[in-house]
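> Handing you this structure, nothing more for now.
The values are calculated or read from the model by the stated rules, or taken from the named source; none is laboratory data. Model, not experiment: these values are computed from the prediction. Please note: Cβ atoms are built from the backbone with ideal geometry, for glycine as well, and neighbour counts cover all protein chains shown. Only protein heavy atoms, including side chains, enter the accessible area calculation; ligands, DNA and RNA are left aside. Shrake-Rupley method; radii C 1.70, N 1.55, O 1.52, S 1.80 Å.
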Amino acid sequence: MATRAFSKVQYGKEVTKGTAVAAAKILAGAEIKGIPIDRKPVFIEDALGVRAASARAKAYELLVEDTLTLPACYFQALPMIFSCGLKGNVTASETTAGQADYAWAFTPSMTATNTPDSLTLELGDDEVSGEIEHVMFKSIKISGEIAQDGGDSPVAVEVAYFGRQFTKSTMTGALSLPTMTTMSAKLARVYKDAAWANKGTTELASILRGFEFEILTGLHPKFMGSADRFFSTYGESIIGGMLTLTLEGNADAETIFDAYQAETAAAYAIKIAGPQIGTGTAHALNLYLWGQPESVIPLNAESNGNNLTAVVIHGLYGTTGAQILGVDVTTNSNAI
């Protein structure tokens with residue numbers, strides 16, 4: 001029977017895009033939701049001379065479009081997320097010999113293809129399950145709110161994806177539960193620097209209350225005439241970024257307001273730290289954006305008598321740094 005306890009999401013990295021593979025990992029903590037639809041029948045009106053509008057229906061194409069959400073994300077899930085959205089075929093390098101502290105660099109090329117990886121996604125329960133092949137991510141959103149009462153401060157990750165079709169199948173069994181090092185928004189810090197070369201250097205301390213870093217990957221399905229109803233291939237388009245901040249209304253927040261009025265771009269960064277890996281470096285997620293304030297609203301809200309400033313940084317291509325955004329991950333996994 002359809003048992004909620006047996007519902008799950010798992011995935012495998014495809015060797016050839018669009019050729020389904022068995023799952024290799026469970027995506028722990030993924031929000032369980034309805035099986036996504038992959039077809040939309042059109043009920044064709046035929047003017048039959050009877051009191052009925054249609055005698056036939058046709059689903060012309062197959063396409064899955066949906067979201068995956070990890071409300072309390074963990075560091076080990078990050079390489080898969082950025083590999084399938086920003087930059088594929090990334091090889092992680094061990095920072096400290098023998099400590100499994102693997103560094104991943106996902107900064108995308110601005111002038112060449114980034115060839116992101118694709119997944120076969122398996123989802124369902126003990127009654128209905130299936131797979132979606134050629135899954136890639138259209139957008140990636142990382143967000144967190146810092147609780148003011150000693151409560152929960154998770155880092156949530158949501159991706160919008162597309163895939164070819166949903167095919168009923170039995171999910172791959174006997175997969176080990178993943179190692180999960182949970183991320184905390186309380187350990188997130190914000191930085192602002194005048195040059196891309198110095199990104200992530202100058203911290204704006206004792207100011208960050210909440211953040212949302214959104215990446216538009218530019219990935220999209222491409223449909224051409226063929227023997228199949230699903231999309232033929234994919235394309236890479238414009239990469240975009242946006243950083244939304246909730247800040248304590250102090251002097252550093254005022255400098256961002258000044259940058260807004262002066263229309264000045266800078267390198268902004270969100271860094272989220274985790275525990276040390278063995279005797280090596282620590283788990284980390286570093287998000288970088290070259291951008292200009294689109295809006296800065298002092299006194300936007302109030303918390304326990306403190307005025308807060310709302311900030312939106314719009315990503316731009318920096319001609320000196322030749323980049324719009326970048327992502328670095330350190331975790332104890334060297335495979336997505």
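> Please give, to one decimal in nm, the separation of the simple spin-label points placed at Ala205 and Thr167, each 7 Å out from Cα toward the Cβ.
Going from the Ala205 label point to the Thr167 one covers 5.7 nm.
> Given the peptides 119-131, 195-207, arrange them by the average over their residues of other C-beta atoms within 10 Å, most packed first.
Packing order, densest peptide first, comes out as 119-131, 195-207.
> I would also like to ask the following. With a 1.4 Å probe and every protein chain left in place, work out the accessible area per residue of segment 118-248 in Å², rounded to a whole number.
Accessible surface, normalised per residue, equals 44 Å².
> Only Lys, Arg, Asp and Glu count, each charged at its Cβ (+1, +1, -1, -1), so figure out the dipole size of the chain about its Cα centre, rounded to 20 debye.
It works out to roughly 880 debye.
> Along the three principal axes, how long is the chain when you take its alpha carbons, biggest first, rounded to the nearest angstrom?
73, 55, 44
> A follow-up question, please. Over segment 133-251, what percent of the accessible surface lies on carbon and sulfur atoms, probe 1.4 Å?
50 percent
> Where a Cα-Cα gap under 18 Å defines reach, which lysines qualify for Lys87, not counting those fewer than 8 residues away within the same chain?
Within reach: Lys13, Lys17, Lys138, Lys141.
> Zone of Ser109 (label point 7 Å along Cα→Cβ, backbone N under 14 Å): which residues in segment 198-241?
236-237
> Show me 165-171, 290-296 ranked by packing, highest mean number of other Cβ atoms within 10 Å first.
Top of the packing list down: 290-296, 165-171.
> Right, something else. Would you work out which of Leu308, Leu208, Trp104 lies farthest towards the positive end of the dipole of the chain? Charges go on Cβ: Lys and Arg +1, Asp and Glu -1.
Trp104
> Kindly report the accessible area of segment 249-336 per residue (heavy atoms of protein chains, probe 1.4 Å, no ligands, DNA or RNA), in Å².
Here the per-residue accessible area is 44 Å².
> In whole Å, how far is the Cα centre of segment 1-67 from that of segment 121-165?
16 Å
> Which residues in segment 153-185 have a backbone N closer than 13 Å to a point placed 7 Å from the Cα of Thr69 along the Cα-to-Cβ line?
156-160
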